[in-house]
Amino acid sequence: MYGPAGSEQAVRKMMMLDEAPKWHIYLVAGVASTPTIFDECKRELKHRFHEAGRDPVIRELLPYGDHTQSMVRQIIQVGVDLTRFWISHRPGGRAVAAQVRELSAGHPVLFIGHSGGGVAAYRAALLLNREGILPDCRIIQVGSPKTPIRRDLREKVSYFQAVDEDGILKDPITRLGSWGGWSRNKLGVPFWNRLKHAPGHLGTITVLGGHPHYFRSKEPYLHPQRGSNLS
């Protein structure tokens, strides 16, 4: 399920930006992020869409606050969003949903969430899907903790994590959480299925650096053959 070719196909399939009405794109940050975390990513997205003759609507959200605010509080909030237990208050998810509800009702929405922002994006998608105010909603989680994905939304979610040159996972945040659940084999014997609630599309990104560096486009995050992490 992992691999660069599959990753590119998944992204192309999920974007589907030729359809009307215009898609709105939300870049959603995680814990202790700076307000500039998505600056280079946003410029690159705009450039690529403009080359394709499109005028994207791209917004940035920091649902847990930025690097100047309490990291402990932010981590607790991500933990609340991440838990499997039903609770009425999902702080990050509700913060994202409120912005989308106000600015993008009636438009299809693509979330690109980094770290805990991928969790908040998924929680927001659940709320907005239940309300039925978006004609479509897709989520790309980058370097995020694993959160169980509801079966009816699996094909709308893609998940990417960093690996090194040898394909070994190098982002510790992606080890948090679980997609696992109990399943039965052909003989009816129960077993723990670690991918039971996984997103429909899984991929890896070979990066220089680690968890904070997915969207870097300058030295020392430039590979002589592959180009930058961002590219």
**OP:** Report relative contact order for the chain in percent, whole number only (criteria: Cα-Cα under 8 Å, sequence separation at least 6).
**Re:** 19 percent
Subject >> Average accessible area per residue (Å²) across the chain - probe 1.4 Å, nucleic acids and ligands excluded >> reply: 51 Å²
**OP:** Counting residues in the stretch 139-196 as N, plug N into 2.2 N^0.38 Å and put the Cα Rg over that result.
**Re:** 1.33
**OP:** Name the long-range amide H neighbours of GLY209: under 5 Å, sequence gap of 5 or more, or other chain; modelled H, no Pro or chain starts.
**Re:** none
Original post:
Of the listed peptides 50-61, 170-181, what is their order by residue-averaged count of other C-beta atoms within 10 Å, with the highest listed first?
Top reply: 170-181, 50-61
Original post:
For VAL31, which sequence-distant residues (separation of 5 or more, or a different chain) have an amide H within less than 5 Å of its own amide H, given hydrogens modelled in the peptide plane?
Top reply: GLY116, GLY117
Original post:
Which of the peptides 40-46, 119-125 is most tightly packed, and how do the rest follow, going by the mean number of other Cβ atoms within 10 Å of each residue?
Top reply: 119-125, 40-46
**OP:** Give a residue-ordered list of calculated ³J(HN,Hα) values for the stretch 158-168 (Karplus: 6.51 cos²θ - 1.76 cosθ + 1.60, θ = phi - 60°; whole Hz; x for Gly, Pro).
**Re:** 10, 9, 10, 9, 7, 10, 8, 4, 9, x, 8
**OP:** Pull up the DSSP beta bridges for the stretch 126-215 and report the antiparallel fraction as a percent, rounded to 5.
**Re:** 30 percent
Subject >> Under the Karplus curve 6.51 cos²θ - 1.76 cosθ + 1.60, θ = phi - 60°, whole-Hz ³J(HN,Hα) for the stretch 25-36, x wherever Gly or Pro sits >> reply: 10, 10, 9, 10, 8, x, 5, 6, 7, 7, x, 9
**OP:** Enumerate the calculated ³J(HN,Hα) couplings along the stretch 169-179 in order (Karplus 6.51 cos²θ - 1.76 cosθ + 1.60, θ = phi - 60°), each rounded to whole Hz, writing x wherever the residue is Gly or Pro.
**Re:** 4, 10, 10, x, 5, 6, 8, 7, x, 7, 9
**OP:** Among DSSP beta bridges whose residues both lie in the chain, state the antiparallel percentage, nearest 5.
**Re:** 20 percent
Original post:
What's the extension gain from THR36 to LYS196 if we count 0.36 nm per residue and subtract their Cα-Cα distance?
Top reply: 54.0 nm
Subject >> Computed [θ] at 222 nm, helices only, for the chain once each DSSP H run of length n ≥ 4 contributes -39500 (n - 2.57) >> reply: -9500 deg cm²/dmol
Subject >> Quarter of the Cα convex hull surface for the stretch 40-169, i.e. its orientation-mean projected area (nm²) >> reply: 9.9 nm²
**OP:** For LYS22, list the lysines whose Cα falls under 25 Å from its own Cα; do not include residues on the same chain fewer than 8 positions away.
**Re:** LYS13, LYS42, LYS46, LYS156
**OP:** Amide H neighbours of PHE111 under 5 Å, at least 5 residues apart or on other chains, H built in the peptide plane: list them.
**Re:** TYR26, ARG138, ILE139, ILE140
**OP:** Grab the Cα-Cα distance for ARG184 and GLN69, subtract it from 0.36 nm times how many residues apart they are, and report the gain in nm with one decimal.
**Re:** 36.9 nm
**OP:** Two decimals is fine: what's Rg over Rh for the chain, C-alpha atoms, Kirkwood radius as Rh?
**Re:** 0.96
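The values are calculated or read from the model by the stated rules, or taken from the named source; none is laboratory data. It should be emphasised that the depicted structure is a prediction, and the values quoted were computed from it without experimental measurement. When we count neighbours, we look across all protein chains shown, and the Cβ atoms used for this are built from the backbone with ideal geometry, even at glycine. Quick note on the areas: whole protein, heavy atoms, side chains included, nothing else; ligands and nucleic acids left out. Shrake-Rupley method; radii C 1.70, N 1.55, O 1.52, S 1.80 Å.
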